[in-house]
Amino acid sequence: MANEDLFKKIISHCKEYGFVFPSSEIYDGLGAVYDYGQNGVELKNNIKRYWWDSMTLLNDNVAGVDAAIFMHPTIWKASGHVDAFNDPLVDNKDSKKRYRADVLIEDYLNALDDKIAKEIEKAAARYGSGFDENMFRSTNERVIENQNKRNAVHARFAEALNDGNLEELRQIIVDTEIACPVSGTRNWTEVRQFNLMFSTEMGSTMDDSWKVYLRPETAQGIFVNFLNVQKTGRMKIPFGIAQIGKAFRNEIVARQFIFRMREFEQMEMQYFVRPGDEMRWYDTWKKIRLNWHRAMGLGDSKYRYHDHDKLAHYANAAVDIEFEMPFGFKEIEGIHSRTDFDLSQHEKYSGKKIQYFDPELGQHYTPYVIETSIGVDRVFLSIIAGSYAEETLENNESRVLLRIPPELAPVKLAVLPLVKKDGLSERAREIADMFRFDFRCIYDEKDSIGKRYRRQDAIGTPFCITIDHETLSNSTVTIRHRDTMTQDRVAIDSLHEIISAKVDMKNLLKKVME
Ligand code: ATP
């Protein structure tokens, strides 16, 4: 299936099965804002629980907070967001469409990478087991030409980003002959900076109101509470503070469904360390975070690290974890070494001392920070994209299923009476009731059993339990497994154990620690 088709199918599947709806849909929607439906909210809550527990249960020294979205406006001056939280944008004069200049160039670089990868793939198929990729890369003319072109553009691009050189960004677009995907022309405006923060007024009258921002990241709520948590929690360095919450960005290029939203949710953890220890902790968290993603079992090869071309003003090292979305490898999490930038800035702007006394060293210092920052919505999309499957069955029927990790699935089991009569419905309801306090369970008696299985496959329910006449006589049921569609006859008494073995969040958490 072409990737574009796959992505379209995923979007309509999310809507049809109650995962994600466009916001304000009856008013024709609101750009890049989405609502989560009955199944989406369950999956989202499970993702958040998985992350929260992996931070606060697995680490004695990570504590949580829940800071307000509104914060003192000077915070955003101190953090650099008022002056530097910008995207470079460029318009095509013919289509009037607006683009991020950096994204246009990145797409161009990715297209060259794809060309090279295709040449290698073709050659590998032609030469079979004797194929030597390194040799091919260094001798094939087309590959060498494309690689050189890529390296040259990449070097210019990285330099332009680091220098904030907008003219050079435009020149790269011109020199590489990048065309607008809509009009097909190369008629570009100048590149301009655009601040991504939303602002609003706080206060009741014009005179005493002041401009406040909707936070563009949750991190600052952690930095300004550093001393509160450290002192009241008697925390010793190294320690971390974790937070889950909404963030807002006025994204210019707001496409790609829930990948790039204007209102989204972040899960961030700031880990405070001794100055000089930061690279060790950076490497540690880099590994832990990749483990966290891989533990979900969507396929290790779907993830990769990507080092930043441009370091943010606060960082001395930064890497993204990317996931292979239907539209290519894209960032879902960033791990940043933020130095002592934020705490020092808040000390400067607030005039309050923000330091830590290290009893082992017998000295005060401003801690350094390693940050792990991940978007709930992007993880959500990675799970849906990575688990969506279409299968043709033996009887030539087909099914669409979501192989969501059972621990995160919105519904854990469906209880289905084979027929509505002969007391089967009543018995099925009793069985569903047995699990009320343990698992999210759906009772369904409408339509044929085949159709009911399909409905559960489509929302990723790992188990279906069918109650038939035999159940009444010997207290057994059939349990059907989502991925294999195999069915086993088992005692009702054993159900709890079978299901919890698969859906217990501990399964994932243990893998994070491996
Ligand atoms: P991008 O380069 O894609 O704009 P970013 O580098 O600005 O992302 P960060 O500031 O590092 O992103 O934010 C941390 C995480 O927050 C990202 O890895 C992503 O998962 C999530 N995130 C950021 N912006 C958005 C958005 N507009 N919609 C959904 N999630 C987002």
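The values are calculated or read from the model by the stated rules, or taken from the named source; none is laboratory data. All values reported here derive from a predicted model rather than from experimental measurement. In this analysis, Cβ positions are derived from the backbone assuming ideal geometry, glycine residues included, and neighbour counts consider all displayed protein chains. Remember, those area values only see protein heavy atoms, side chains included, never the ligands or the DNA or RNA. Shrake-Rupley method; radii C 1.70, N 1.55, O 1.52, S 1.80 Å.
Over the chain, what is the mean sequence separation of C-alpha contacts under 8 Å (at least six apart), divided by residue count, expressed as relative contact order in percent?
15
Tell me whether region 86-193 comes out rounded, prolate or oblate; compute the Cα gyration tensor, take square roots of the eigenvalues as a ≥ b ≥ c, and use a/c under 1.5 as the rounded threshold.
Cα axes put region 86-193 in the prolate bin.
For region 446-492 and region 83-126, compute the distance between their C-alpha centroids and round to whole Å.
47
Say the dipole of the chain comes from +1 at the beta carbon of Lys and Arg and -1 at that of Asp and Glu; which of Ala152, Leu402, Ser473 then lies farthest toward its positive end?
Ser473
Considering the dipole of region 156-289 built from charges on the beta carbon (Lys and Arg +1, Asp and Glu -1) around the Cα centre, which of Gly203, Val174, Gln243 is farthest to its positive end?
It is Gln243.
Run the Debye formula on the Cα coordinates of region 255-297, all scatterers equal and no solvent, and tell me log10 I(q)/I(0) at q = 0.20, 0.25, 0.26 1/Å.
Relative scattering, expressed as log10 I(q)/I(0), comes to -0.83, -0.92, -0.94.
In degrees between 0 and 90, to the nearest 10, how far off the longest principal axis of the chain does helix 101-127 point, with axes built from Cα atoms?
That helix lies at roughly 60 degrees to the long axis.
Between region 1-57 and region 329-401, what's the alpha-carbon centroid distance in Å?
19
Nearest 20 debye, what's the magnitude of the dipole of the chain about its Cα centre given +1 on Lys and Arg Cβ and -1 on Asp and Glu Cβ?
Computed about the Cα centre, the dipole is about 400 debye.
Can you give the net charge of the other residues whose Cβ lies under 14 Å from the Cβ of Val400, counting K and R as +1 and D and E as -1?
With Lys, Arg at +1 and Asp, Glu at -1, the net is +2.
What pairs from Lys421/Lys446; Lys118/Lys149; Lys246/Lys412; Lys310/Lys330; Lys287/Lys511; Lys287/Lys412 go past 20 Å between their alpha carbons?
Long pairs (Cα-Cα over 20 Å): Lys246/Lys412; Lys287/Lys412.
If packing is taken as the average count of other Cβ atoms within 10 Å, what order do 115-121, 398-404, 423-429, 138-144 fall into, highest mean first?
Result, highest mean first: 398-404, 423-429, 115-121, 138-144.
Counting only protein chains, not ligands or nucleic acids, how are Met513, Met505, Met325 ordered by accessible area (probe 1.4 Å), most first?
Most to least solvent-accessible, the answer reads Met513, Met505, Met325.
With the dipole of region 287-383 worked out from charges on the C-beta (+1 for Lys and Arg, -1 for Asp and Glu) around the Cα centre, which of Tyr303, Leu381, Pro326 lies farthest toward the positive end?
Sorting the options by dipole projection puts first Leu381.
Roughly how many percent of the accessible protein surface of the chain is carbon and sulfur, given a 1.4 Å probe and a whole-percent answer?
Answer for the chain is 48 percent, counting heavy atoms of protein chains only.
Over the chain, with the other protein chains present, what is the accessible area per residue in square angstrom, probe 1.4 angstrom?
Heavy-atom accessible area per residue stands at 49 Å².
Counting other Cβ atoms within 10 Å, keep those with at most 13, restrict to DSSP loop, and tell me which trypsin sites (Lys or Arg not before Pro) in region 314-398 are left.
Lys352, Lys353
Show me the ranking of peptides 316-324, 195-203 by mean Cβ neighbours inside 10 Å, starting with the highest.
316-324, 195-203
With N residues in the chain, what two-decimal value do you get for its Cα radius of gyration over 2.2 N^0.38 Å?
1.12
Within 10 Å, count the other beta carbons around each residue, average over each peptide in 478-491, 448-461, 13-26, and list them highest first.
448-461, 13-26, 478-491
Please state the charge dipole magnitude for region 403-512, taken about the Cα centre, from unit charges on C-beta atoms (+1 on K and R, -1 on D and E), reported in debye and rounded to the nearest 20.
About 480 debye.
Let me make sure I get this right: for region 403-512, a, b and c are the square roots of the gyration tensor eigenvalues over alpha carbons, sorted descending. Under 1.5 in a/c it's rounded, otherwise prolate if a/b > b/c, else oblate. Which is it?
Prolate shape, in that a/c is at least 1.5 and a/b is the bigger ratio.
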